[in-house]
Amino acid sequence: MINHELYKVFYWAAKTGSLSKAAKSLFITQPSVSHAIKQLEDSFGVILFYRNSKGVNLTQEGVILYSYIEKSQILITLAEEKMAALKNLDSGELRIGGSDSLFKHYLLPYLETYHQKHPGIKLHLNHGTTPETIAFLKEGKIDLGVVRMPIVDSQLEVLKGIELQDCFVAGVHYAELKDRVLSLELLLQYPIVLFSRNSRVRMAITELFESYGYQIKPEIEVGSVDLLIEFARKGLGISYITKEFISKELEEGSLFEIQLDIKMPPSQVGFMIMRNMPLSNAANKFLDLVK
């Protein structure tokens, strides 16, 4: 196996037509260049250069070798430039998985800031439920996932994000409930609107009600926060939704929070990454931003 550095010396000697210029380009001595070329010629058993009054010229064998080495050197240079661009975040991509609601109501400001700082990084958002996001991560389709915790999986590492508070809300159609404190039993006498069965939020509220001996059976199931908001606003039921996502509606009075006789536990958002797998520079910079 011939040392790659010998090819590099050959390339610069052929490119410049001068052993001294090659030495200057490579920051080595001219005797080192001569020795490297001699080693390469001995390895192949052919003469690659002949001397002239101005320096060196390629022999026929040298021309053939150069036609191959030139291509490899160009590719190596492009690879080095690409690595430098990735390191400096001048190019690359950031792939994140998560739910529409977390993208829109939590990550959007961070994504906007990140894009302003690193416009050369392409953003790819993969929408899905928590199980789908975990699958995306394990299949290598995303760099990291933003999900509701807890996540128990030995292959994954989860970094804590913000804390969210979920609550039941209603619109003016149920105005008589505004100043009342309801029991879970009384709440269940009203139509309930929940996220689909596969969502972490749905699992959490189902488990909470079961811990108190009740089963929560929604009349309507939806797949987005926007629909939870609209169904509650239009009086189609009482929606279970993240309080931080409806601050505008609560402030303007189009929705109000249903007060319960139990304390609703907060939920934790986390960022999932593959355990013992190096993150790209683009993904690391994004995590630094949201931290």
Single condition residue 41 does not satisfy, out of (1) under 30 Å from residue 142 (Cβ atoms); (2) out of contact with any Ser or Thr (no Cβ under 9 Å at 6 or more places or on another chain); (3) surrounded by 12 or more Cβ atoms within 10 Å (Cβ to Cβ) = (1)
Hits in the range 67-90 (condition: open to solvent by less than 40 Å² (accessible area, probe 1.4 Å) and either β-branched (Val, Ile, Thr) or under 15 Å from residue 17 (Cβ atoms) (or both)) | 69
Out of all the residues in the range 104-114, is one or more closer than 17 Å to residue 270 by Cα, touching a strand residue (DSSP E or B) at 6+ places or on another chain (Cβ under 8 Å) and open to solvent by 30 Å² or more (accessible area, probe 1.4 Å)?
-> yes
Within the range 120-132, can one find any residue that is outside any loop (DSSP other than H, G, I, E, B), out of contact with any strand residue (DSSP E or B) (no Cβ under 7 Å at 6 or more places or on another chain) and at pLDDT below 90?
-> yes
Count of residues meeting criterion [touching an Asp or Glu at 6+ places or on another chain (Cβ under 9 Å) and over 19 Å from residue 176 (Cα atoms)] in the range 247-270 | 6
Of the listed residues (163, 93), the one being of a type in the set (Asp, Glu), in contact (Cβ under 8 Å) with a residue 40 or more places away in the chain and under 30 Å from residue 194 (Cβ atoms) is 163
Which numbered condition residue 6 misses (of (1) part of a helix (DSSP H, G or I); (2) among the hydrophobic types (A, V, I, L, M, F, W, C); (3) more than 20 Å from residue 76 (Cβ to Cβ); (4) touching a Ser or Thr at 6+ places or on another chain (Cβ under 9 Å)) = (3)
Identify, from the list 269, 222, the residue that is under 27 Å from residue 156 (Cα atoms) and either open to solvent by 30 Å² or more (accessible area, probe 1.4 Å) or touching a residue at least 12 places away in the same chain (Cβ under 8 Å) (or both).
-> 269
Report those strands (runs of 3 or more DSSP E) wholly inside the range 27-102 carrying at least 1 residues which are of a type in the set (Phe, Trp, Tyr).
-> 49-51
Close pairs (7 angstrom Cβ cut-off, 6 or more residues apart or separate chains): closer than 13 Å to residue 93 by Cβ in the range 279-291, open to solvent by less than 50 Å² (accessible area, probe 1.4 Å) and among the small types (Gly, Ala, Ser) anywhere = 280/92; 282/92
Yes or no: residue 244 open to solvent by 70 Å² or more (accessible area, probe 1.4 Å), among the acidic types (Asp, Glu), part of a helix (DSSP H, G or I) and touching a residue at least 24 places away in the same chain (Cβ under 8 Å)?
-> yes
Could you tell me whether the range 1-12 includes any residue that is among the aliphatic types (A, V, I, L, M), more than 30 Å from residue 92 (Cα to Cα) and exposed (fewer than 13 other Cβ atoms within 10 Å of the Cβ)?
-> yes
Please enumerate the residues belonging to the range 140-156 that are in contact (Cβ under 8 Å) with a residue 24 or more places away in the chain, open to solvent by 70 Å² or more (accessible area, probe 1.4 Å) and either at positive phi or not small (Gly, Ala, Ser) (or both).
-> 141, 150, 155
Single condition residue 256 does not satisfy, out of (1) within 30 Å of residue 82 (Cβ to Cβ); (2) crowded, with 17+ Cβ neighbours inside 10 Å = (1)
On the given criteria, is residue 254 farther than 25 Å from residue 152 by Cβ, touching a residue at least 12 places away in the same chain (Cβ under 8 Å), out of contact with any Ser or Thr (no Cβ under 7 Å at 6 or more places or on another chain) and in a loop (DSSP other than H, G, I, E, B)?
-> yes
Determine whether residue 24 is open to solvent by 80 Å² or more (accessible area, probe 1.4 Å) and out of contact with any helix residue (DSSP H, G or I) (no Cβ under 8 Å at 6 or more places or on another chain).
-> yes
Check whether at least one residue in the range 154-177 is of a type in the set (D, E, K, R) and farther than 22 Å from residue 257 by Cα, and report yes or no.
-> yes
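The values are calculated or read from the model by the stated rules, or taken from the named source; none is laboratory data. In this text the structure is predicted, and so the values were computed from the model without any measurement. When we count neighbours, we look across all protein chains shown, and the Cβ atoms used for this are built from the backbone with ideal geometry, even at glycine. For accessibility, only protein heavy atoms count, side chains too; no ligands or nucleic acids. Shrake-Rupley method; radii C 1.70, N 1.55, O 1.52, S 1.80 Å.
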